Each structure stands twice: as C-alpha cells, then as structure tokens.
Amino acid sequence: MEVVGSVNEPLLKPLQGKMSFSCEQETDAFANKFSSDVRVPLVIWLEGDLGAGKTTFARALIHALGYQGRVKSPTYCLLEQYQISPVHVIHMDLYRISDPGELEFLALEDLMDDKSILLVEWPDRGGDWLPRPDFRFEFHYSEVGRELHWSACTSIAESLIQRIIST
C-alpha cells in the first residue's frame, strides 16, 4: 500500500468500465485484488439499489485490507471506522439521512487524513458535504449475479484500475 498525499486531481473525462460477478465469492475476489494495489487517501462512492452489492463489496474490501473482526453495516449509525495499520477505513451509509446538512455533525473532514479510505453508500444523499470520489462503483442486478459499472474519476484511480485490469 502506498500513501500518495491528501488531494487526488480529478480527471477531465473519467475512465469507465464494467465487470460481472456471478456470485459473492467473485465480488470478494475483486475486493481482494483491489486491496492489494490500493493507494491512500481514497474515496469510493458505492451506488446501486438496495441489496445490489454495496455493503458486500465494502465488507469484502475491509476484510481484504486485513481487518479480522466483524464488519457491521453502518445503516443505522451512519458510519463505522476500522483501523487497519497503516490505513483508516471509514464506511458510511447515508440511506437514512433526509438532509445532507446532517453530515456536518459527523465532522467527516476531521476524521479523514492522508491514510484514509472513505467508502460511501448512497452518496447522492450527501450533497456537497462529501469529498469528490476517486471511484464511483455502481452495482446493478443482472440475470446472473451482479454487475459493477465503475468510473475512475482521478489519475490515482485510473492507474489503480488499469493495474487491476491488466493482471
């Protein structure tokens, strides 16, 4: 894992692609591959319908990064934090908020640093209170499992996804 700084420059045109997962184990395998080359800081927006795979991916990524305990869904408490030396993972689920201003009370900017990975489910509910994403992962139901439509929105994200795709 590499620490690259606190600001990732946005791309003018995000690199986009699609992957298919026929089962949860394939989602886990992708998260494992993703974690092996991740750079921090990193912001990933997780989008999609209820049950489409957002929390499944977040849980798999947190475990792949080395967390040994139970990874809880942050649906009711809005956020869960995991310290996985040297990384600090913040997993948010904004499904239950009704006003983006509610995020002010979480002091997200105080929680994040140059060793943070921020995973945000339902980022559309966060308004301008969320940092721009490095990745947008949009999960969809498919005939056989799930599809992930991804956008690499920064140069850091673009180089990461290209390394993952090429191996």
(request) Go through the residues of the stretch 113-127 one by one and say whether even a single one is charged (D, E, K, R) and over 16 Å from the mean Cα position of the chain (by Cα). (result) no
(message) Which count do you get for residues in the stretch 63-79 that are crowded, with 19+ Cβ neighbours inside 10 Å, closer than 18 Å to Leu108 by Cβ and at pLDDT 90 or above?
(response) 0
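Does the stretch 36-45 include one or more residues that are farther than 22 Å from Val144 by Cα and surrounded by fewer than 17 Cβ atoms within 10 Å (Cβ to Cβ)?
yes
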(request) Output the number of the condition that Ser151 fails; it satisfies all remaining conditions of (1) under 21 Å from Ala31 (Cβ atoms); (2) out of contact with any Pro (no Cβ under 7 Å at 6 or more places or on another chain). (result) (2)
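When you go through Asp93, Asp128, Asp113 one by one, which is the residue that is crowded, with 19+ Cβ neighbours inside 10 Å and among the acidic types (Asp, Glu)? Quick ask: steps written out before the conclusion?
On the way: Asp128 fails: crowded, with 19+ Cβ neighbours inside 10 Å; Asp113 fails: crowded, with 19+ Cβ neighbours inside 10 Å.
Exactly one residue qualifies, and that residue is Asp93.
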(request) Can you give me the ranges of the strands (runs of 3 or more DSSP E) entirely in the stretch 42-160 with at least 2 residues that are within 27 Å of Gly17 (Cβ to Cβ) and of a type in the set (Gly, Ala, Ser)? (result) 145-154
(message) I'd like to check something: does the stretch 139-147 contain any residue that is over 15 Å from Ala31 (Cβ atoms), of a type outside the set (A, V, I, L, M, F, W, C) and under 16 Å from the mean Cα position of the chain (by Cα)?
(response) yes
(message) With out of contact with any Ser or Thr (no Cβ under 7 Å at 6 or more places or on another chain) and hydroxyl-bearing (Ser, Thr, Tyr) as the only criterion, which of Ser142, Ser159 stands out?
(response) Ser159
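The values are calculated or read from the model by the stated rules, or taken from the named source; none is laboratory data. Please read these numbers as outputs of a predicted model, since none were measured by experiment. Every residue, glycine among them, receives a Cβ derived from its backbone with ideal geometry; neighbour counts consider all protein chains shown.
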